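Report on the structure given below.
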Amino acid sequence: MAAQETVDHKYVYDFSEGNKDLKDLLGGKGANLAEMTNLGLPVPPGFTITTEACQAYLTTGREPDGLAGQIEKHLESLESAMGKRLGDPQDPLLVSVRSGAKFSMPGMMETVLNVGLNDQSVVGLSAQAGGNDRFAWDSYRRLIQMFGKTVCEVPGEEFEHALDEAKNAKGTSNDLDLDADDLRRLVDAYKKIFVKHTGREFPQQPREQLDLAIRAVFESWNAERAVLYRRQERIPADLGTAVNVVSMVFGNLGPDSGTGVAFTRDPGSGAQGIYGDYLANAQGEDVVAGIRNTVPLQELEQLDKSSYDELLGIMARLEEHYKDLCDIEFTIERGKLWMLQTRVGKRTAAAAFVIAGQLVDEGLIDLDEALHRVNGAQLAQLMFPRFQLDHEFQPVAKGIGASPGAASGTVVFTSARAVELAAEGRSVILVRRETNPDDLNGMIAAKGILTSRGGKTSHAAVVARGMGKTCVSGADEIDVNVPAKRFTVAGQTVNEGDVVSIDGTTGKVYLGEVPVMPSEVVQYFEGSLDPEHIDNALVRAVHRIMTHADGKRRLAVRTNADTGADAARARRFGAEGIGLCRTEHMFLGDRRELVERLILARAPGEREAALEALLPLQRADFEEIFREMDGLPVTVRLIDPPLHEFLPPLEQLAVNVAVAQERGEDVAKEEALLAAVRRMHEENPMLGLRGVRLGLVIPGLFAMQVRAIAEAAVTCARQGRVAKPEIMVPLVGAVQELETVRAEAEKIIAEVVGDSGVEVLIGTMIEVPRAALTAGQIAEAAEFFSFGTNDLTQMGWGFSRDDVEGAFFWRYLELGIFGISPFESIDRDGVGRLVRIAAEEGRAARPGLKLGVCGEHGGDPDSVHFFHEVGLDYVSCSPFRVPVARLEAGRAVVETGGSDSR
Ligand code: PEP
Ligand code: MG
């Protein structure tokens with residue numbers, strides 16, 4: 001039988017074999033180490049074990065075939081490159097074993113340093129380090145400590161305790177004061193701790209150390225904290241981590257050695273300069289553990305000018321190569337600089353804009369790329385007010401920034417108390433261990449919500465985001481005691497009635513009231529900051545990128561606004577018309593009485609009289625809006641909600657009538673009202689008599705609104721303005737409904753408009769699934785469609801939009817049934833498909849049919865991209881989200897590779 005050679009799947013890559021684009025396979029750290037190696041930068045030699053090897057290990061519980069042999073081969077070439085052997089008693093090669101997944105998961109997974117040391121090679125290491133016994137024993141004790149903790153799950157505190165004891169015995173708090181003998185004794189103590197917890201001696205075979213460390217890194221992918229982090233950050237669970245085996249370089253060889261981290265620009269503000277920390281005579285984990293205080297990186301210039309200059313040169317080179325802010329980790333071993341890590345660095349929302357603008361100025365990227373580098377979520381963050389913090393205010397706890405904004409208020413622990421104090425006009429912060437649906441009223445009343453448990457998808461977080469309320473969740477340093485009406489944090493007690501401040505962006509919690517600063521980005525959008533004449537890098541960058549987005553985008557951006565004030569504000573924010581003017585609020589307040597008469601009309605002529613009284617009021621409403629939107633289209637939606645919403649609640653009315661009857665009072669009027677409310681009561685009002693159904697049932701109601709709109713437009717035209725009304729019929733499910741309304745409306749419009757030149761379009765919302773599925777027919781009677789994705793989601797999923805988010809969405813998010821509420825971001829596969837079908841079939845039936853969206857999704861970044869892809873003409877959203885939609889509409893063009901400009 002002919003021998004068949006099996007070619008092993010490649011699981012191990014030398015640093016010289018990879019590059020920065022292989023993050024899926026080599027993880028972020030491995031891919032970037034490879035990139036730096038190939039750039040000729042000083043990276044200690046090493047190799048990367050792929051994420052595929054990790055995936056195979058996690059699925060089968062054992063290392064995949066061929067992995068051990070490949071590691072052996074790469075180890076051999078590493079040994080020959082370094083001229084040292086792992087475990088050589090005279091001159092040992094030591095390696096670090098580091099995790100590195102595709103997405104950075106800071107501090108979530110494991111690292112073991114100094115692998116390869118044992119009782120013999122520690123002596124060789126000392127000799128090689130010029131007889132530096134202290135260094136060799138310090139390295140050995142670090143290996144036992146890290147290996148024990150991460151590979152064998154020995155409690156870390158035991159090692160820390162032993163280290164503290166050694167320092168106490170020496171009468172010092174500084175680990176540098178421990179000499180070689182102290183450290184030798186510490187190694188003995190550590191070994192005993194190791195035996196006590198594992199039942200075996202610390203492994204002396206270097207290859208066994210290496211294999212166990214690699215396995216521990218694989219397994220750390222599924223450690224509880226890593227799983228939790230991935231869930232919060234929405235990182236897929238099956239990616240696995242790569243493992244980097246890197247020759248050790250030592251920052252703890254003496255004062256001419258050290259270790260540090262640096263950013264090529266300030267990740268907080270984006271400002272150019274040198275940002276970093278350096279710690280002499282130390283290894284990387286000392287910086288993280290905060291064992292000694294670091295010094296600002298600039299001080300390295302005095303300590304080691306040549307390494308400092310080389311480092312600055314490398315940082316400039318990396319920025320030029322990655323064309324972005326990079327962060328790095330480095331070590332200096334006896335005056336020789338080594339790069340241990342780099343990656344495109346995380347940054348705040350403000351820094352993202354500022355840096356993108358700077359990189360354009362520096363000619364490293366173009367404006368399209370700058371637009372790609374920022375996003376609407378960051379812009380939205382910049383539009384929230386912020387705390388004005390000085391060092392007087394130190395956070396007492398840090399949780400998860402679950403819903404952005406800055407809120408100060410009186411602490412309350414129950415929903416009822418929140419409602420009570422809010423009714424007195426007080427700002428309150430509702431503090432709970434975690435919230436549940438019973439807390440809803442309190443959450444509505446509160447200015448902000450603080451919980452000690454739960455992540456970004458907890459009930460508190462989801463509901464607060466839905467309401468646009470500031471929320472910090474999972475601040476676990478806070479110990480909440482609801483019955484005692486207090487919480488404790490950092491040794492302090494906060495009672496009901498005390499004031500706290502919470503930052504929903506950073507997750508920080510402060511005691512007392514922190515002053516709030518308005519957003520300068522909002523001031524810019526409102527026109528009170530001129531980007532050309534102020535020295536504000538953020539405002540200038542936002543201006544420049546927004547201008548580019550506007551030039552790029554194909555989608556127009558309109559606003560949802562029902563008042564002149566909202567319309568004016570949205571226009572300043574860049575709205576190009578109104579996509580939804582809801583008319584229902586125009587029936588409230590002191591007009592309620594007229595509406596009651598309209599609904600209850602019994603005697604002949606009573607309804608007509610009520611409508612006649614409403615007409616001039618409505619006309620004035622529309623005149624105001626048309627005036628603000630002079631020259632721009634205004635979509636006015638005819639009344640939508642069920643009429644009983646304009647009447648008093650049934651239960652309350654029934655009680656009032658019963659009480660009044662008991663007292664023998666004259667209740668004829670109230671009884672008539674009660675009878676009407678009973679008659680109109682619906683079990684499922686959202687599926688009942690509302691929208692077009694109402695218009696077809698109550699004679700004259702829609703006609704009055706149509707007349708008011710047309711008359712207001714004509715008045716504006718006479719005053720020299722341009723009104724462009726678009727009358728929109730809600731809740732249409734069948735073309736016949738629209739045809740009926742249309743026939744009546746056209747007559748009125750023709751009569752009112754005459755030769756004034758005013759043009760009025762008639763169209764419909766597409767918000768009932770049947771309308772989406774019969775869009776071809778409906779388009780025959782509509783000049784435009786506007787997708788009501790709130791109702792389309794409600795009816796598409798069968799989710800009551802007023803109830804489900806607070807009731808059970810947290811559970812759906814936890815289970816991953818969806819990653820984000822479908823009311824927040826469009827469900828592309830289901831509801832989105834209805835939109836796509838209706839857009840295609842509507843346009844096929846009527847080329848030039850105008851298409852827009854006015855549901856909440858119109859201002860959601862991801863949904864805006866979807867609406868761009870589907871080919872809508874515009875999105876419409878609340879005034880505050882108009883800039884976000886403009887930005888994302890521009891990004892959608894850049895990201896789909898279009899050079900599309902309007
Ligand atoms: C919608 O349903 O998406 C919509 C815009 O209408 P409303 O939210 O008023 O029901
Ligand atoms: Mg609707």
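A compact table of results
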item: Carbon + sulfur, % of accessible area of the chain - ligands and nucleic acids excluded, 1.4 Å; result: 49
item: Sum of -39500 (n - 2.57) over DSSP H runs of 4+, divided by residues of the chain (222 nm, nearest 500); result: -13500 deg cm²/dmol
item: Listed residues 471, 307, 709: farthest to the positive end of the dipole of the chain (Cβ charges); result: 709
item: Diffusion coefficient, µm² s⁻¹, Stokes-Einstein with Kirkwood Rh over alpha-carbon pairs of the stretch 230-347 at 37 °C and 0.692 mPa s; result: 216
item: Inter-centroid distance (Cα atoms) of the stretch 664-729 relative to the stretch 498-523, Å; result: 42
item: Whichever aspartates and glutamates have a C-alpha closer than 16 Å to that of residue 508, once near sequence neighbours (fewer than 8 apart) are set aside; result: 390, 392, 476, 477, 479
item: Average accessible area per residue (Å²) across the stretch 249-385 - probe 1.4 Å, nucleic acids and ligands excluded; result: 39
item: Solvent-accessible area per residue, Å², over the stretch 427-568 with all protein chains present [probe radius 1.4 Å]; result: 40
item: Cα lying deepest toward the dipole's positive end in the stretch 352-425, options 416, 367, 387, charges on Cβ; result: 416
item: DSSP-defined beta bridges in the chain - what % are antiparallel, rounded to 5; result: 60
item: Kirkwood hydrodynamic radius over Cα pairs of the chain, then Stokes diffusion coefficient at 25 °C and 0.890 mPa s, in µm²/s; result: 77
item: Centre separation in Å (Cα based) which lies between the stretch 825-859 and the stretch 392-453; result: 38
item: Dipole of the chain [Lys/Arg +1, Asp/Glu -1 at C-beta], most positive-end residue of 777, 795, 848; result: 777
item: Check: the chain dipole with +1 on Lys, Arg Cβ and -1 on Asp, Glu Cβ, in debye; result: 660
item: Per residue accessible area in Å² of the stretch 44-136, where ligands, DNA and RNA are left out and the probe is 1.4 Å; result: 38
item: Protection proxy ranking, peptides 125-135, 553-563, average beta carbon neighbours within 10 Å, highest first; result: 553-563, 125-135
item: Cross-link reach list, lysines versus residue 20, counting only Cα pairs under 20 Å and skipping chain neighbours closer than eight places; result: 10, 29, 102, 323, 346
item: Most to least accessible of 326, 152 (protein chains only, probe 1.4 Å); result: 152, 326
item: Within straight-line cross-link reach of residue 192, lysines at Cα separation under 16 Å, skipping those fewer than 8 residues along the same chain; result: 149
item: The stretch 791-862: chymotrypsin sites (Phe, Trp or Tyr not before Pro) in DSSP coil with no more than 16 other Cβ atoms inside 10 Å; result: 808, 818
item: Estimated dipole of the stretch 211-255 in Debye, rounded to 20 [Cβ of Lys and Arg +1, of Asp and Glu -1, Cα centre]; result: 160
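The values are calculated or read from the model by the stated rules, or taken from the named source; none is laboratory data. All values derive from a computational prediction rather than experimental measurement. Positions of Cβ are generated from backbone atoms using ideal geometry, with glycine treated the same way; all protein chains shown enter the neighbour counts. Only protein heavy atoms, including side chains, enter the accessible area calculation; ligands, DNA and RNA are left aside. Shrake-Rupley method; radii C 1.70, N 1.55, O 1.52, S 1.80 Å.
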